[in-house]
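Here's the structure we're looking at; comments come further down.
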Amino acid sequence: MRRSTFAVALLAGLGMASQFAEAAGNPELGQQKAAACFACHGPAGNSAILPAPADQWPKLAGQLPEYVAKQLHDFKAGRRSNQQMSPQAQNVSEADIADIAAYFAKQRVATNATPDKALLVEGEKIFMKGKGRPDMVAACIGCHGPNGVGQGNWSAVYKTQPSLLAPAIGGQHPRYVAKQLTSFRDGSRANDTGSVMHNVAMRLNDKEIAAVAEYVSTLAH
């Protein structure tokens, strides 16, 4: 696949339908409505580090509100499945989703202060430059932006912007990032439009996934 074609395909599947981008929530109301989320995700969206092998709850602080909304809609519709989140999402109204997403978007993500330094060099290389032949992967920064801030305004990059956007991943728990990439790779998570993240992750081995996850966990935004 030509590099330009691959890059366009990558943009098309990273997470957010434009229909969800229109609703702007109220972060003040969202703080009250998000109380049920705090036990797992933390009062400011910075979830505690859980001991392995427990699944790590993701940080929601600083996440693009449209992406949070997209995931909640996917949990409600069954496009994404999780033992805890699938039933929780059923009880959240459309207005509540927008407000909760707006609240977490206003919070500041805490970065990983004790990374595995042995993985950082390889992780930075893939994030900044991607991977060459034979298993080509576009640089993560191209979609997820400098410091992993995510991308919600493609009009600044393309004349015809995609209908989707890339989530913020900077500062996320490395174990959570690695789990999501592994799940995209094996197909147990499949709410990526056009299987784009599956196609990316299947080109990364376990060590490369761990390296990318470790690197992005150190990025502040």
### Rounded Å value of the spacing that divides the Cα centres of segment 55-93 and segment 103-157
21 Å
### Summary
HN-Hα couplings for segment 205-221 via Karplus (6.51, -1.76, 1.60; θ = phi - 60°), in whole Hz with x for Gly/Pro, come out as 8, 4, 5, 5, 4, 4, 5, 4, 4, 5, 5, 5, 5, 8, 8, 9, 8
### Summary
The answer for K59, listing residues at least 5 apart or on another chain whose modeled amide H is closer than 5 Å to its amide H, is S47, H173
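Where a number appears in this text, it was derived from the coordinates with a stated rule and is not lab data. Just so it is clear, the model here is predicted, and its values are computed rather than measured.
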